[in-house]
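Comments concern the structure below.
The values are calculated or read from the model by the stated rules, or taken from the named source; none is laboratory data. From a predicted model like this one, the values you see are computed outputs, not experimental measurements. Cβ: placed from backbone, ideal geometry, glycine included. Neighbour counts: every protein chain shown. Only protein heavy atoms, including side chains, enter the accessible area calculation; ligands, DNA and RNA are left aside. Shrake-Rupley method; radii C 1.70, N 1.55, O 1.52, S 1.80 Å.
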Amino acid sequence: MRILHTADLQIGRTYSRFDPDDAAPIAEERFKVVERIASLATDLKVDAILVAGDVFDSQTLKERSIRRFFHALEGYSGPWILLPGNHDAALVEGVWTQAQRLGVVPGHVHLALKPDTLLFKDQGFAVFTAPLTQRHTFHDLTAWFDTAEVPEGFMRVGLAHGSVQGILAEDVDSANPIAQDRAVRARLDYLALGDWHGMKSINARTGYSGTPEQDRFKDNQAGFVLEVEIDAPGALPRVTPHEVGHYRWSSREERLALATDLDRLAERLKDVGPRDVIDMTVTGQLDLASHQRLIEMLSSAQARARSFQADHARLRMMPTDEDIASLKADGYLGDVVQKLREGQGDDPEGITSEALTILAGIMMERATQGGRP
């Protein structure tokens with residue numbers, strides 16, 4: 001048996017934290033990654049694709065988004081098994097019933113809207129499903145796997161969405177507990193899980209695939225699907241990750257004080273390109289010339305990246321005496337510059353530093369124009 005395991009597609013997710021020009025392409029990529037998964041499954045000739053919950057990001061999606069998603073599934077003609085998670089629980093009325101009313105669910109797509117055993121006789125395996133029928137539960141929905149029976153010689157695969165207890169106690173979307181030893185108790189050959197947005201192996205027979213398209217500033221190996229091969233019932237699965245994600249999200253912290261710090265930052269920013277989604281925090285203190293160089297470096301990187309958000313509110317600009325002299329900041333202006341320079345330490349939001357930057361910029365411009373207003 002060979003399957004692809006994925007989860008947390010989050011179709012319909014929006015990204016309000018980004019500029020609209022960046023948010024739209026990032027959201028669009030969630031449809032494109034489904035097409036890439038379908039193409040990979042076709043190339044690998046897998047027996048099925050299992051999606052372990054949170055196929056959709058919410059219960060209220062536009063009709064066009066639902067139609068686009070199911071159309072993307074046509075790229076792989078084998079079985080898709082779609083499991084509701086906490087974002088798209090199988091409610092009496094919700095996104096799944098809307099899809100059914102629209103009549104857009106292809107025949108080779110199985111909606112696991114209730115606990116059930118799906119038998120794939122030609123391929124010789126069974127899938128036990130544990131869908132969420134509400135956003136949060138406080139009991140283990142996979143418990144029934146332990147007593148599930150299948151024909152002799154069939155491989156046993158579990159499909160669930162939630163938090164493996166004692167391992168993923170923090171940073172999960174919902175409680176929805178799953179026992180650590182469920183695969184052993186239920187004699188599963190493999191337990192495919194969703195909810196954790198990064199790739200994570202729990203044990204030899206249990207794993208999270210993570211979201212196939214990264215959506216958080218977290219280094220947790222997102223952007224993969226798992227190819228799972230099992231030779232026979234009871235054999236250990238061979239799990240091979242395949243990278244399918246497009247955008248690369250990264251969170252960076254830079255502390256600057258010396259010109260050499262800027263040189264190192266410039267070297268790191270050279271590789272920034274259109275696939276990058278970056279959130280950077282800059283702290284420390286720089287003189288006027290170094291600060292101007294930093295702004296130019298960040299502006300260049302922002303132009304090349306898909307999204308580049310730089311927070312330098314805690315970066316203090318400390319003009320040297322030479323800087324002030326070159327700006328001809330004497331008299332009243334000199335006093336203002338000095339007060340702004342001294343006031344930065346009491347301004348965590350960086351307004352004073354920003355004012356100093358603006359004033360210095362105006363003064364530099366006037367200096368290059370021979371002092372003309």
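According to the square roots a ≥ b ≥ c of the eigenvalues of the Cα gyration tensor, what is the shape class of the stretch 1-122, taking rounded for a/c under 1.5, prolate for a/b larger than b/c otherwise, and oblate for the remainder? In terms of gyration-tensor shape, oblate.
Here the simple spin-label model places points 7 Å from the Cα toward Cβ, and for E35 and K114 these points are separated by 3.6 nm. Sorting 81-88, 247-254 by average packing, meaning the other beta carbons within 10 Å per residue, from highest down gives 81-88, 247-254.
Rounded, prolate or oblate: pick one for the stretch 88-135, where a ≥ b ≥ c are the square roots of the eigenvalues of its C-alpha gyration tensor, a/c under 1.5 means rounded, and failing that, prolate if a/b is larger than b/c, else oblate. Verdict is oblate for the stretch 88-135.
For the stretch 64-194, what does the alpha-carbon gyration tensor say about shape, rounded, prolate or oblate, given a ≥ b ≥ c as the root eigenvalues, a/c under 1.5 as rounded, and a/b over b/c as prolate?
Working: a/c = 2.09, a/b = 1.19, b/c = 1.76.
Since a/c reaches 1.5 but b/c is at least a/b, the shape of the stretch 64-194 is classed as oblate.
Compute and list, largest first, the equivalent-ellipsoid semi-axes of the stretch 156-276 from the alpha carbon gyration tensor, each √(5λ) rounded to a whole angstrom.
Working: eigenvalues 270, 55, 26 Å².
Working through the eigenvalues yields semi-axes of 37, 17, 11 Å.
Short-range pairs are left out: with C-alpha atoms under 8 Å and at least six residues apart, the relative contact order of the stretch 9-72 is 51 percent. Note on the stretch 1-133: with charges restricted to the Cβ of Lys and Arg (+1) and Asp and Glu (-1), its dipole about the Cα centre is near 280 debye.
Peptides 290-298, 268-276, 117-125 ranked from most to least packed by the mean count of surrounding Cβ atoms within 10 Å: 290-298, 117-125, 268-276.
Along the positive direction of the dipole of the chain (beta-carbon charges: Lys, Arg +1; Asp, Glu -1; about the Cα centre), which of T320, Q165, T211 reaches farthest? My answer, from the dipole projection, is T211. Taking all protein chains into account, the per residue accessible area for the chain stands at 47 Å² (1.4 Å probe).
Helices assigned as whole DSSP H runs in the chain whose Cα atoms extend at least 24 Å along their own long axis and whose mean Kyte-Doolittle hydropathy is -1.0 or higher are found at 20-44, 288-304, 351-368.
Calculated from DSSP H runs of 4 or more alone, at -39500 (n - 2.57) each and per residue, what is the 222 nm mean residue ellipticity of the chain, nearest 500?
Values: 9 runs with 112 residues, N = 373.
Helix contribution divided over all residues of the chain: -9500 deg cm²/dmol.
The alpha carbon centroids of the stretch 178-193 and the stretch 30-63 are separated by 23 Å. The label point for R252 and the one for T97, both projected 7 Å from the Cα toward the Cβ, are 4.9 nm apart.
Solvent exposure of S58, expressed as accessible area, is near 30 Å², computed with a probe of 1.4 Å over the protein chains only.
Distance cut-off 32 Å, Cα to Cα: go down the list K121/K218; K62/K270; K121/K200; K218/K270; K32/K114; K45/K270 and report the pairs above it. Each step should come with its number before you reach the end.
Details: K121/K218 40 Å; K62/K270 39 Å; K121/K200 30 Å; K218/K270 22 Å; K32/K114 28 Å; K45/K270 39 Å.
Beyond 32 Å: K121/K218; K62/K270; K45/K270.
In angstrom, the C-alpha Rg and Dmax of the chain are 26.8, 92. Maximal additional length on extending the V184-E28 stretch stands at 52.2 nm, based on 0.36 nm per residue less the C-alpha distance.
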